[in-house]
Amino acid sequence: MQQTADSHMFPRRIAICVVVSLVLIILSLTFAASDLGTVLCFGIALVSALVLLAYCVVKKRRQRFTALFVLMAYVFAAILLMWNNSLVRDHVRWALLSGRYKAKVLAQPRSGELKHAEWDHFGGFAGIGNTAEYLVFDPTDSLAGAADALSPIKARGLPCDVVRVRRLSRQWYAVLFYSDTYWGQDACK
């Protein structure tokens, strides 16, 4: 009887471990500073993979096969999340935090340029330059064509060439500047 109850608990425990770990990875990518979020994401993925590997070693043959399969799927999902961390980060942050950022951008007075606010910031250690990403409100959606362009991207309304323009929703874009350039910089104009 105890063995049957344990065999039913095993899939639940492994599923809970995977779900909690992936939620923690997404939250770390979303809310931690970009550099710290990547480190946290890697650490959470590594610890979770080691826990799953320990399950694989300890469990019986059939459970071991299940745990190995889940481990491979988990590692694949974690690698995909880390590989596409900026895409995941931008869209999850947009889904969860857009109201606050929209209010900040729309509260700006009209100045003749696109309204914008810093959306993300990373780098600045180990000789790597500071990199800024801005949330941009484009009422005419003129940046829509730039969202598909390859870098360097020069678009009307942007003060200089940028690495990437990512459309978050109608009229809202995440614009990634090159390292050590930022909106309003003299060298950028």
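The values are calculated or read from the model by the stated rules, or taken from the named source; none is laboratory data. Since the model is a prediction, treat every value here as computed from it, not as a measurement. With ideal geometry, Cβ positions are generated from the backbone for all residues, glycine too; neighbour counts draw on all protein chains shown.
Worth pointing out:
- Close pairs (6 angstrom Cβ cut-off, 6 or more residues apart or separate chains): within 23 Å of Thr131 (Cα to Cα) in segment 94-118, modelled with pLDDT of 85 or more and among the basic types (Lys, Arg) anywhere: Val105/Lys115; Gln108/Lys115; Ala117/Lys104
- Looking across segment 8-33 at every residue that is modelled with pLDDT under 65 and out of contact with any helix residue (DSSP H, G or I) (no Cβ under 7 Å at 6 or more places or on another chain), the one that is surrounded by the most Cβ atoms within 10 Å (Cβ to Cβ) is identified as Ala33.
- Checked against (1) surrounded by fewer than 12 Cβ atoms within 10 Å (Cβ to Cβ); (2) at pLDDT 70 or above, Gln2 meets all criteria but (2).
- Within segment 10-35, residues that are not assigned by TED's automatic domain parsing to the domain that holds Asp120 have Cβ atoms under 9 Å from residues that are modelled with pLDDT of 75 or more and not in a helix (DSSP H, G or I) in these pairs: Ala33/Asp120; Ala33/His121; Ser34/Asp120; Ser34/His121; Ser34/Thr131; Ser34/Glu133, counting only partners at least 6 apart in sequence or on another chain.
Residues are listed down the side, and each one gets a yes or a no for (1) closer than 29 Å to Leu22 by Cβ; (2) in contact with a Gly (Cβ under 9 Å, 6 or more places away or on another chain); (3) assigned to a helix (DSSP H, G or I):
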residue: Phe76; (1), (2), (3): yes, no, yes
residue: Ser98; (1), (2), (3): yes, no, yes
residue: Pro109; (1), (2), (3): no, no, no
residue: Ala117; (1), (2), (3): no, no, no
residue: Asp120; (1), (2), (3): yes, no, no
residue: Ala144; (1), (2), (3): no, no, yes
residue: Ser151; (1), (2), (3): no, no, no
residue: Arg156; (1), (2), (3): no, no, no
residue: Trp183; (1), (2), (3): no, no, no
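- Some residue of segment 129-138 being free of Cβ contacts under 8 Å to residues at least 24 places away in the same chain, exposed (fewer than 15 other Cβ atoms within 10 Å of the Cβ) and not assigned by TED's automatic domain parsing to the domain that holds Thr30: no
- Criterion violated by Asp90 - all others in (1) assigned by TED's automatic domain parsing to the domain that holds Ile14; (2) at pLDDT 75 or above; (3) surrounded by 18 or more Cβ atoms within 10 Å (Cβ to Cβ) satisfied: (1)
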